[in-house]
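Right, one structure below, let's go through it.
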Amino acid sequence: MRVKIAQAVGIVFLILFGSGCTSTVHKPTSSDVSLSWWNSLDSKERRANYEAVMFALDTLGPGEEMRWDEGNAFGYVKVFTGYQHGDGFCKMLSVHIERKGDSKSINETACRSFTGNKTWRFVN
């Protein structure tokens, strides 16, 4: 898998085993991306995107991005901001994917608790 190194220059998304996220596949939750388009990505492309998303959530700060490139697709994840929420922390992200000349972008928010289950959960 050709996941590019995070660029700490300014914009956002890799699984670090033991990162606290137990989900195996990140599926977009925004109506901006149809599930049929998402499902057109092959498993390696979806995995590269997922790993970039998890890296961004676990590691990156506001303004940083993680780029990935796999098969016929590439993309990036950008962290807009992070903030305290209840007993946990949330991050707002932008996810951009391009495949065979077609591109999709969605904005998502993920939160996790500092206590109990520390899994990232997408809330929009």
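The values are calculated or read from the model by the stated rules, or taken from the named source; none is laboratory data. Small disclaimer: the values here were computed from a predicted structure and weren't measured. Counting neighbours? That spans all protein chains shown, and the Cβs are built from the backbone with ideal geometry, glycine included.
Pairs linking a residue in the range 99-124 that is crowded, with 17+ Cβ neighbours inside 10 Å to a residue that is part of a loop (DSSP other than H, G, I, E, B) and aromatic (Phe, Trp, Tyr), with Cβ atoms under 7 Å and 6 or more positions apart or on different chains, are 110/120; 112/120.
In this structure, does residue 71 turn out to be of a type in the set (Gly, Ala, Ser) and either surrounded by 19 or more Cβ atoms within 10 Å (Cβ to Cβ) or over 27 Å from residue 40 (Cβ atoms) (or both)? When the stated conditions are applied, residue 71 does not pass them.
Among the residues of the range 111-124, those identified as in a strand (DSSP E or B) and not small (Gly, Ala, Ser) are 111, 112, 121, 122. Just checking, does the range 10-25 include any residue being modelled with pLDDT under 95, over 19 Å from residue 122 (Cα atoms) and under 13 Å from the mean Cα position of the chain (by Cα)? Yes, the range 10-25 contains at least one residue that is modelled with pLDDT under 95, over 19 Å from residue 122 (Cα atoms) and under 13 Å from the mean Cα position of the chain (by Cα). Might you let me know whether the range 90-105 holds any residue that is closer than 25 Å to residue 118 by Cα, at pLDDT below 95 and among the small types (Gly, Ala, Ser)? Yes, the conditions are met somewhere in the range 90-105.
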